[in-house]
Amino acid sequence: MAVDETPPRPQFLLHSWNVLIAATATAVALYIPLTEVSAFKGLGPESAVGGVLTALFGLDFVIQVYQSRGQGRSKKPGSRFGVALDLLSALPFFLIPGGHHLRLLRLLKLYRVGQGMRRLSRLHIVQGTALKLAYFLYWLAIGIHWITCGWIELLGTVAPESAQIVYVDALYWATSTITTVGYGDIVPVTIGQRCMGSAS
């Protein structure tokens with residue numbers, strides 16, 4: 001009888017890596033849309049942030065390809081789709097001239113966060129309801145932030161010194177609109193804002 005002498009896979013390291021990628025993808029989901037808003041342009045060093053994200057997401061792409069081949073998942077269409085999204089999110093957009101808006105493709109990494117959430121739900125069936133509530137609140141917070149960024153962009157020119165106040169007002173509007181409270185103290189002014197309010 002042959003004894004398997006291969007060391008066990010470092011599951012702890014893999015889980016820690018997945019948590020790091022999920023946290024990074026969440027930070028990207030907050031940072032990149034905010035820097036697309038004209039009032040917050042130049043929020044950070046684009047090439048440094050882009051380089052770090054390309055390195056992290058690129059390494060994660062390699063890990064995902066290696067894992068999918070080792071587990072025989074490469075033939076599943078869903079696995080190919082996830083790997084393709086990982087590749088797109090890892091591209092060095094900061095090196096592409098005029099590719100500033102292509103950075104939004106890094107948000108595709110949130111697909112992996114969703115996959116991790118589904119996987120965690122299957123493992124922890126007992127806490128299923130609490131996990132579903134946490135996931136709902138996570139995606140709600142991301143959605144409200146994106147709507148807030150869109151609201152500010154539709155507002156037009158914002159003075160840099162009042163950008164934080166405008167963000168808080170827009171966040172308040174988005175939250176009261178999404179939660180259907182809608183106090184009416186902050187109302188749409190531009191046509192774009194009215195369309196956005198109707199769609200929310």
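The values are calculated or read from the model by the stated rules, or taken from the named source; none is laboratory data. Note that this is a predicted model, so its numbers are computed, not measured. Neighbour counts are summed over all protein chains in view; Cβ atoms, including those assigned to glycine, are modelled from backbone coordinates with ideal geometry.
Observations, loosely collected:
- In the range 154-200, residue surrounded by the fewest Cβ atoms within 10 Å (Cβ to Cβ) [restricted to those that are among the small types (Gly, Ala, Ser) and under 17 Å from Pro33 (Cα atoms)]: Gly156
- Qualifying residue in the range 132-144 (condition: at pLDDT below 85, more than 30 Å from Thr54 (Cβ to Cβ) and surrounded by fewer than 17 Cβ atoms within 10 Å (Cβ to Cβ)): yes
- Qualifying residue in the range 66-82 (condition: of a type outside the set (Ser, Thr, Tyr) and at pLDDT 85 or above): no
- Scanning the range 178-195 for residues that are touching a helix residue (DSSP H, G or I) at 6+ places or on another chain (Cβ under 6 Å) and either in contact (Cβ under 8 Å) with a residue 24 or more places away in the chain or under 17 Å from His145 (Cβ atoms) (or both) returns Ile178, Ile186, Thr190, Gly192, Gln193.
- Residue within the range 139-161 that is more than 20 Å from the chain's Cα centre (by Cα), of a type in the set (A, V, I, L, M) and in a helix (DSSP H, G or I) present: yes
- Count of the range 1-48 residues which are modelled with pLDDT of 80 or more and not in a helix (DSSP H, G or I): 1
- Of all residues in the range 87-101, those satisfying the criterion of being surrounded by 14 or more Cβ atoms within 10 Å (Cβ to Cβ) and either in contact (Cβ under 8 Å) with a residue 12 or more places away in the chain or not in a loop (DSSP other than H, G, I, E, B) (or both) are Leu87, Leu88, Ser89, Ala90, Leu91, Pro92, Phe93, Phe94, His100.
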